[in-house]
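Student: Structure provided below as C-alpha cells; questions to follow.
The values are calculated or read from the model by the stated rules, or taken from the named source; none is laboratory data. Only a predicted model underlies this, so the values are computations on that prediction, with no experimental measurement involved. Please note: Cβ atoms are built from the backbone with ideal geometry, for glycine as well, and neighbour counts cover all protein chains shown.
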Amino acid sequence: MKDIHIKPALLHVLQNMSDTPFTVAQLTQKYLKHPESQHTAKKSARQYVYRKMLRLMEHGQMKKLSDNNRWPRYQLTSIFISTVVDRPANKEEFKMAEVIQHPSSALRPHELILKEKLSQYRSDMLCALGESEEYSALCNDHPDLRESAQNLYNEARERGATLLGKIKALENMLSQHAG
C-alpha cells in the first residue's frame with residue numbers, strides 16, 4: 001500500500017480536528033486559513049483536501065458519517081489518531097511530517113476497520129430501535145396516528161434487523177481472526 005503524502009498545513013488542521021466530525025467545506029476553510037497553506041484559491045484547495053480525504057478513507061483513517069440529507073460529515077478514525085495524533089511530535093518534526101504511513105501489518109488494520117464499522121452499526125441499530133419504540137409509544141398514546149406511523153415503524157424495525165445481521169457478521173469475522 002502506498003503512503004499518503006499530506007502537506008504539513010493540512011496535517012496540522014487534521015490533527016486539530018481529530019475529535020470532531022467535519023464537512024469538506026469546513027476542513028477546506030480551516031486549511032486555507034492555516035498560515036503554512038500553499039493554496040490560495042478555494043477551488044484548488046477544496047480539490048486537494050477532498051483527494052486527501054478519499055485516500056484517508058481508502059486506508060481506513062477517515063470515515064464518512066451518515067449525511068441525513070445534509071452535507072456529508074466525516075470523522076477521523078482511531079487508525080489515524082494512533083498513527084498521527086497520539087505520537088509525540090515536536091515542532092521541527094511536524095514541519096517535516098509530510099507522510100502518513102499506513103499502520104504496519106502487525107497492527108492488523110483490517111481488524112481496526114472492522115471494529116470501527118461494528119461500532120457504527122451498533123450506534124445505528126440503537127437509533128433504529130429507539131425510533132421503532134417511539135413510533136410504538138406514539139401509537140399507544142395517540143391511536144389516531146397508528147395508520148400513518150405503521151409504515152415508519154415497520155421501516156425502522158427492518159433497518160434494525162438488517163443492522164443486527166451486519167453486526168453479527170462483523171462479530172463473527174472479528175472472533176474468527178482474534179484467535
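Student: Of Leu54, Leu27, which residue is surrounded by 14 or more Cβ atoms within 10 Å (Cβ to Cβ), out of contact with any Ser or Thr (no Cβ under 8 Å at 6 or more places or on another chain) and among the hydrophobic types (A, V, I, L, M, F, W, C)?
Tutor: On inspection, the qualifying residue turns out to be Leu27.
Student: So which residues in segment 2-38 are more than 17 Å from Gln61 (Cβ to Cβ) and either among the charged types (D, E, K, R) or not in a helix (DSSP H, G or I) (or both)?
Tutor: Hits for segment 2-38 are Thr23, Lys30, Lys33, His34, Pro35, Glu36, Ser37, Gln38.
Student: Pull up segment 104-120, narrow it to residues that are at pLDDT below 70 and surrounded by fewer than 17 Cβ atoms within 10 Å (Cβ to Cβ), then point me to the one that is farthest from Ala25 (Cα to Cα).
Tutor: Ranking the candidates gives Ala106 first.
Student: While we're looking at this one, here's another question. Being in a helix (DSSP H, G or I), modelled with pLDDT under 90, closer than 19 Å to Pro21 by Cβ and not β-branched (Val, Ile, Thr) narrows it down to one residue among Ser175, Ser82, Ser148; which is it?
Tutor: Step by step, each of Ser175, Ser82, Ser148 is checked, and only Ser82 is in a helix (DSSP H, G or I), modelled with pLDDT under 90, closer than 19 Å to Pro21 by Cβ and not β-branched (Val, Ile, Thr).
Student: Is it true that some residue in segment 9-16 is over 18 Å from Gln75 (Cβ atoms) and touching an Asp or Glu at 6+ places or on another chain (Cβ under 7 Å)?
Tutor: Yes: segment 9-16 contains one or more residues that are over 18 Å from Gln75 (Cβ atoms) and touching an Asp or Glu at 6+ places or on another chain (Cβ under 7 Å).
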